[in-house]
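Quick notes on the structure that follows.
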Amino acid sequence: MRTYKPLIFLNILLLFTAAIPLFAVDAVVQSTKGKVEIKEPGDQWQPAASGQNLSRGTYISTGFNSRAILELGNSTLEVKALTRMQLEQIVENSDSVDTDLFLEVGKVEANVRSSKGLRNNFKLRSPVSTAAVRGTGFVFDGFTLWVTEGTVVFRNRVGQSRWVSEGKESSTDGYSAPSNAQKTLLNDQFEVVSSLSGGGGSVKSSRSLLSNYSLAILNINWE
């Protein structure tokens, strides 16, 4: 029995080491326009600045007529006006870069690119749906996905999914299956009435889409 103990310990150590990410990748604020604020874990809201690193767990919030462009490794993310989003995880492993973002309210546009020799597993979720990609471009507001390049897996809260290809869009309310992908009619009409910075509260957002879904209402109670 004494002979096998070192081997067992070595195998466990190798498995544990393989599961550890090589290192965390910080998001970087490339540029800002208007009122853009960030909230680091355990900290207060403060203005965002170009060149600033955003660590895991950081929230970013944009005001009226505002936006922020983030660098996430080789990928870029434009955070549109009246958006609140959290950077849940960006880590580089031996064979991939894994990015997980949570869109509480608002709209973002992503351009996802893989590094040489590394897969880019990019996941952006909202309270009602999730968009998961490996190298593509898309716009996402939590309800509707518009794909500008490549193909995206669009999934609702109960796990139903649909592949959406370039030039098409799909929508879900969270529990209905993502709609049949149809030719995209992307526009910038997006209205949110909220207070995005500071303490908790109730948010109501409405949006107009040139699609079969003319109006969607979202109520979120932030902690």
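Please treat every number below as a calculation from the coordinates, not as lab data. Keep in mind that this is a model prediction, so the values were computed, not measured. Cβ atoms come from the backbone with ideal geometry, glycine included; neighbour counts cover every protein chain shown.
What's the ranking of 85-96, 44-55, 147-158 by average number of surrounding C-beta atoms within 10 Å, highest first?
Those peptides, ordered most packed to least, come out 147-158, 85-96, 44-55.
Given labels modelled 7 Å from the Cα in the Cβ direction, how far is it in nm from D173 to S161?
Modelled inter-label distance: 2.4 nm.
If you plug each phi of region 88-93 into the Karplus form 6.51 cos²θ - 1.76 cosθ + 1.60 with θ = phi - 60°, what whole-Hz ³J(HN,Hα) values come out, in order, with x for Gly and Pro?
Once θ is set to phi - 60°, the couplings for region 88-93 become 7, 6, 9, 10, 9, 9 Hz.
Take the alpha carbon gyration tensor of region 22-182, find the square roots of its eigenvalues, order them as a ≥ b ≥ c, and report rounded if a/c is under 1.5; if not, report prolate when a/b exceeds b/c, else oblate.
oblate
Would you be so kind as to identify which of S179, V79, L145 lies farthest towards the positive end of the dipole of region 22-182, taking Lys and Arg as +1 and Asp and Glu as -1 on Cβ and the Cα centre as origin?
Value: S179.
Relative contact order for region 22-182: what is it in percent, counting Cα pairs under 8 Å that are at least 6 residues apart?
Reported as a whole number, the value is 14 percent.
With θ set to phi - 60°, apply the Karplus curve 6.51 cos²θ - 1.76 cosθ + 1.60 along region 168-173 and write out the HN-Hα couplings as whole Hz, x wherever there is a Gly or Pro.
10, 9, 8, 10, 8, 9
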